[in-house]
Amino acid sequence: MIRRAPLALACVLAAAGLTLTACSDGSSAADAKAHAPEAPASATASAHPAAGGKPHLTVDGAYVPQPVGDLAAAFLVVKNTGGGDDTLTSVTSPVSGEVSIHKTVNDRMVEVKSFDVPAGGTLDLARGGNHIMLMGVKKPLKEGRHIALELHFRKTGAIKVNVPVKAANYQPAAAQ
Ligand SMILES: [Cu+2]
C-alpha cells in the first residue's frame, strides 16, 4: 500500500543524522553486496587494455608512514584509465589480520565498505582523507622495509602492491 513513503522518510532522517551510508548514492543494492565477506580467492592482477566497459587500474605512489606502534596507515592512488567503473572492496596484507578502509569525516576516521574508482577517474588515498588502516601489525615497520598489500576490486580482482615504509613525516612529492 504505502510502501515508498516510509522509506523516503527514513532517508531524509538518515541524511539529517549524517549517516548517509544507505541513501547517499542510490546504490543500496551495491552496498549490501560490498559486505560479502569472501575475498576473491584467485588473484587476477591482470591489466586489461582499455576496452569498452572494462576498468583498467594502475596503482601509484603507495607508502606507509613508519608507525609508532602496531597501527599503520597506507596511502596510494588508484587510476582507472578504462571505460568501466570499479570498486575497491577490501584490502589484505600478510602483516596484519585486520585491514580496513577508512574515510575521514571532521577529523574522525570512519570505516567504509568500499571506495568507487570511476571510469576515467582516480581514487586518492592520502593523509587527512581516505586511507587503508592496518591494525595489530605483526612486525615493527621500519623505514626502508616494504610490506605487501593486496587490493581487492569488484571487477578487476586483486592487485598486489609492494609498499615502502617511509619516514613518519613523509609527504609524497606534489602530483605531477
Ligand atoms: Cu583509519
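Against the definition (in a strand (DSSP E or B), away from the ligand (no atom under 11 Å from the Cβ), at negative phi and without any contact (Cβ under 8 Å) to a residue 60 or more places away in the chain), how does residue 123 come out, yes or no? Steps first, answer last, please.
Numbers: in a strand (DSSP E or B): yes; away from the ligand (no atom under 11 Å from the Cβ): yes; at negative phi: yes; without any contact (Cβ under 8 Å) to a residue 60 or more places away in the chain: yes.
Judged against the criteria, residue 123 is a match.
So how many residues does the stretch 106-118 have that are more than 9 Å from the ligand (Cβ to nearest atom), part of a strand (DSSP E or B) and either closer than 26 Å to residue 84 by Cβ or in contact (Cβ under 8 Å) with a residue 12 or more places away in the chain (or both)? Working first, answer last.
So the first thing to find is which residues in the stretch 106-118 are more than 9 Å from the ligand (Cβ to nearest atom), and the list is 106-108, 112-118.
After this cut, where a residue has to be part of a strand (DSSP E or B) as well, the list is 108, 112, 115-117.
Retained after the next criterion (residues that are either closer than 26 Å to residue 84 by Cβ or in contact (Cβ under 8 Å) with a residue 12 or more places away in the chain (or both)): 112, 115-117.
Summing the residues that are more than 9 Å from the ligand (Cβ to nearest atom), part of a strand (DSSP E or B) and either closer than 26 Å to residue 84 by Cβ or in contact (Cβ under 8 Å) with a residue 12 or more places away in the chain (or both) in the stretch 106-118 gives 4.
Being of a type in the set (Lys, Arg), at pLDDT 95 or above, under 29 Å from residue 53 (Cβ atoms) and within 16 Å of the ligand (Cβ to nearest atom) narrows it down to one of 160, 155, 103, 79, so name that one.
On the way: 160 fails: within 16 Å of the ligand (Cβ to nearest atom); 155 fails: within 16 Å of the ligand (Cβ to nearest atom); 79 fails: within 16 Å of the ligand (Cβ to nearest atom).
Going through 160, 155, 103, 79 in turn, the sole match is 103.
If you check 34, 14, 10, which single one turns out to be at pLDDT below 50 and surrounded by fewer than 15 Cβ atoms within 10 Å (Cβ to Cβ)?
10
In the stretch 131-154, what count of residues is obtained for those that are in contact with a strand residue (DSSP E or B) (Cβ under 9 Å, 6 or more places away or on another chain) and surrounded by fewer than 18 Cβ atoms within 10 Å (Cβ to Cβ)?
Total meeting the criteria: 11.
Going by the structure shown, is residue 99 over 17 Å from residue 76 (Cα atoms) and either in a strand (DSSP E or B) or in contact with a helix residue (DSSP H, G or I) (Cβ under 6 Å, 6 or more places away or on another chain) (or both)?
Considered against the rule, which asks whether it is over 17 Å from residue 76 (Cα atoms) and either in a strand (DSSP E or B) or in contact with a helix residue (DSSP H, G or I) (Cβ under 6 Å, 6 or more places away or on another chain) (or both), residue 99 comes out as no.
Considering every residue within the stretch 105-121, establish whether at least one is surrounded by fewer than 15 Cβ atoms within 10 Å (Cβ to Cβ), among the hydroxyl-bearing types (Ser, Thr, Tyr) and out of contact with any Pro (no Cβ under 6 Å at 6 or more places or on another chain).
No, there is no match, as no residue in the stretch 105-121 is surrounded by fewer than 15 Cβ atoms within 10 Å (Cβ to Cβ), among the hydroxyl-bearing types (Ser, Thr, Tyr) and out of contact with any Pro (no Cβ under 6 Å at 6 or more places or on another chain).
Being within 16 Å of the ligand (Cβ to nearest atom) and part of a strand (DSSP E or B) is true for just one of 134, 141. Which residue is that? Walk me through how you get there before you give the answer.
Working: 141 fails: part of a strand (DSSP E or B).
Result of the check over 134, 141: 134.
The values are calculated or read from the model by the stated rules, or taken from the named source; none is laboratory data. Everything numeric here is computed off the predicted structure, so don't read it as measured data. All Cβ positions, even for glycine, are placed from backbone atoms using ideal geometry, and neighbour counts span all protein chains on display.
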